[in-house]
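A.B. asks: The following block contains the structure, expressed as structure tokens.
The values are calculated or read from the model by the stated rules, or taken from the named source; none is laboratory data. Just so we're clear, the structure is a prediction, and the values are computed from it rather than from any experiment. Note: ideal-geometry Cβ built from the backbone for every residue, glycine included; neighbour counts use all protein chains shown. Only protein heavy atoms, including side chains, enter the accessible area calculation; ligands, DNA and RNA are left aside. Shrake-Rupley method; radii C 1.70, N 1.55, O 1.52, S 1.80 Å.
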Amino acid sequence: MSLIEKLNSLARELEAGLDRALSLDTLEELRVEFLGRKGRLASIMSELPGVEPPERPAIGKLANEVKSRLNALFEGKKQTLEAAAQADVLKGFDPTLPGRMPWIGSLHPVTLVMDDICGIFRSLGYDVVLGPEIESDYYNFEALNIGPNHPARDMHDTLYISNNVLLRTHTSPMQIRTMQKTEPPLAVIAPGKVYRRDSDLTHTPMFHQIEGILVDRKVSMGDLRGTLQAFSQRIFGPDTRIRFRPSFFPFTEPSAEVDISCMFCAGKGQMDDGTVCRVCKGTGWLEVLGCGMVAPEVFQSVGYDPAEWSGFAFGMGVERIAMLKYGITDLRMFFENDLRFLKQIA
Ligand code: DAH
């Protein structure tokens with residue numbers, strides 16, 4: 001077979017092969033076989049030196065024509081196959097489907113509840129103040145009428161940094177810090193972290209409290225009760241009732257603990273099906289905070305005249321309020337950062 005015949009038959013063979021190439025991979029294999037550096041066209045052309053010199057130009061010209069025609073055919077087929085592959089991908093794609101929204105994060109439930117509580121008191125005219133978590137013995141105990149040997153210190157499970165420096169066990173030191181800086185009358189709340197050496201189902205070594213103090217002339221326990229009643233109804237719902245139980249705190253006299261009517265059984269102590277309410281354990285009441293009238297010793301420690309000024313104070317645990325508000329039974333949920341939990345409250 002002459003070289004010219006070989007070139008023409010190679011071209012025919014390739015055209016037939018192209019028709020059968022159904023994927024980009026087989027197409028590439030064909031290209032290498034026919035047009036590659038060591039392919040069949042190259043091998044035919046390697047016979048050129050054996051041809052009589054006068055015939056060489058015509059063969060070379062034909063070879064170039066065949067080569068560029070075949071290249072064009074490959075290119076055309078490649079574009080067809082690529083377009084088909086893309087159409088295939090688009091076939092499974094429904095542009096009318098709604099997109100998947102990324103989760104954009106949100107505030108922690110404890111922060112949300114703390115913001116809620118602060119919002120309620122701000123609307124009642126209170127300022128929000130912040131103070132240090134590392135406190136001195138003086139602010140955490142002494143100025144709050146908790147002397148060095150006071151038994152109330154036992155309740156606090158204090159984490160000490162040194163003899164006189166500690167992690168605050170409550171937000172009550174902010175009563176003292178605020179009164180030292182401010183002339184009465186005043187009304188502030190102080191949210192923040194507090195620390196105690198305590199860890200079990202219902203206690204974590206760090207938790208959050210909100211302290212409140214109001215000082216003015218002729219403040220009464222009735223004012224305290226009205227304030228806490230308004231607060232409770234706004235945070236837990238308009239049907240919430242409150243009650244005061246006598247209690248003791250060194251920095252208030254008299255002191256009380258405040259219960260709210262249980263929102264899970266509407267204060268009845270039992271559910272509609274007659275079973276005992278698990279949240280309030282059948283009592284119909286839930287303890288939410290401690291409060292009282294500011295003790296004269298506390299006023300004296302900041303230089304206020306107890307004969308002229310009177311006031312009330314209260315302190316509450318934010319996690320506890322959040323648990324009651326959302327019906328959460330395990331305090332540790334707040335600290336495990338399980339998104340399945342957090343997303344439900346955000
Ligand atoms: N500091 C108290 C505690 O940590 C809570 C408290 C009780 C704060 C009575 C007050 C108050 O301001 O009047 O348990």
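A.B. asks: Return the only residue of I120, I134 being surrounded by 10 or more Cβ atoms within 10 Å (Cβ to Cβ), touching a Phe, Trp or Tyr at 6+ places or on another chain (Cβ under 6 Å) and outside the structural domain of L35 (by TED's automatic domain parsing).
C.D. replies: That would be I120, the only listed residue that is surrounded by 10 or more Cβ atoms within 10 Å (Cβ to Cβ), touching a Phe, Trp or Tyr at 6+ places or on another chain (Cβ under 6 Å) and outside the structural domain of L35 (by TED's automatic domain parsing).
A.B. asks: Given the conditions (1) within 16 Å of the ligand (Cβ to nearest atom); (2) touching a strand residue (DSSP E or B) at 6+ places or on another chain (Cβ under 8 Å), report the number of the one that S261 does not fulfil.
C.D. replies: Failed condition: (1).
A.B. asks: Looking only at the stretch 293-303, which residues are away from the ligand (no atom under 16 Å from the Cβ) and either out of contact with any Pro (no Cβ under 9 Å at 6 or more places or on another chain) or open to solvent by less than 80 Å² (accessible area, probe 1.4 Å) (or both)?
C.D. replies: Of everything in the stretch 293-303, just one residue is away from the ligand (no atom under 16 Å from the Cβ) and either out of contact with any Pro (no Cβ under 9 Å at 6 or more places or on another chain) or open to solvent by less than 80 Å² (accessible area, probe 1.4 Å) (or both), namely G303.
For every residue, the table says whether it meets (1) modelled with pLDDT of 90 or more; (2) in contact with a Gly (Cβ under 9 Å, 6 or more places away or on another chain); (3) open to solvent by less than 10 Å² (accessible area, probe 1.4 Å).
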site: F251; (1), (2), (3): yes, yes, no
site: K268; (1), (2), (3): yes, yes, no
site: M271; (1), (2), (3): yes, no, no
site: V279; (1), (2), (3): no, yes, no
site: C291; (1), (2), (3): yes, yes, yes
site: E308; (1), (2), (3): yes, no, no
site: A313; (1), (2), (3): yes, yes, yes
site: T329; (1), (2), (3): no, no, no
site: D338; (1), (2), (3): yes, no, no
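A.B. asks: Looking at A42, A58, A87, A63, which one is farther than 22 Å from L3 by Cβ and of a type in the set (A, V, I, L, M, F, W, C)?
C.D. replies: Just one listed residue meets the conditions, A87.
A.B. asks: Of everything in the stretch 176-205, what is out of contact with any helix residue (DSSP H, G or I) (no Cβ under 8 Å at 6 or more places or on another chain) and under 30 Å from D330 (Cβ atoms)? Give them in sequence order.
C.D. replies: Once the filter is applied, which keeps residues that are out of contact with any helix residue (DSSP H, G or I) (no Cβ under 8 Å at 6 or more places or on another chain) and under 30 Å from D330 (Cβ atoms), the stretch 176-205 yields K193, V194, Y195, R197, D198, S199, D200, L201, T202, H203, P205.
A.B. asks: Moving on to the next point. State which residue is nearest to the ligand (Cβ to nearest atom) when the search covers only the stretch 166-181 and only residues that are open to solvent by 50 Å² or more (accessible area, probe 1.4 Å) and either in contact with a strand residue (DSSP E or B) (Cβ under 9 Å, 6 or more places away or on another chain) or in contact (Cβ under 8 Å) with a residue 24 or more places away in the chain (or both).
C.D. replies: R177
A.B. asks: May I pose another question? Right, R245: within 13 Å of the ligand (Cβ to nearest atom) and either open to solvent by 50 Å² or more (accessible area, probe 1.4 Å) or polar (S, T, N, Q) (or both) or not?
C.D. replies: Taking the combined requirement at face value, the residue satisfies it.
A.B. asks: Which of the residues that make up the stretch 305-346 are free of Cβ contacts under 8 Å to residues at least 60 places away in the same chain and of a type outside the set (A, V, I, L, M, F, W, C)?
C.D. replies: Matches in the stretch 305-346: D305, P306, R320, T329, E336, N337, D338, R340, Q344.
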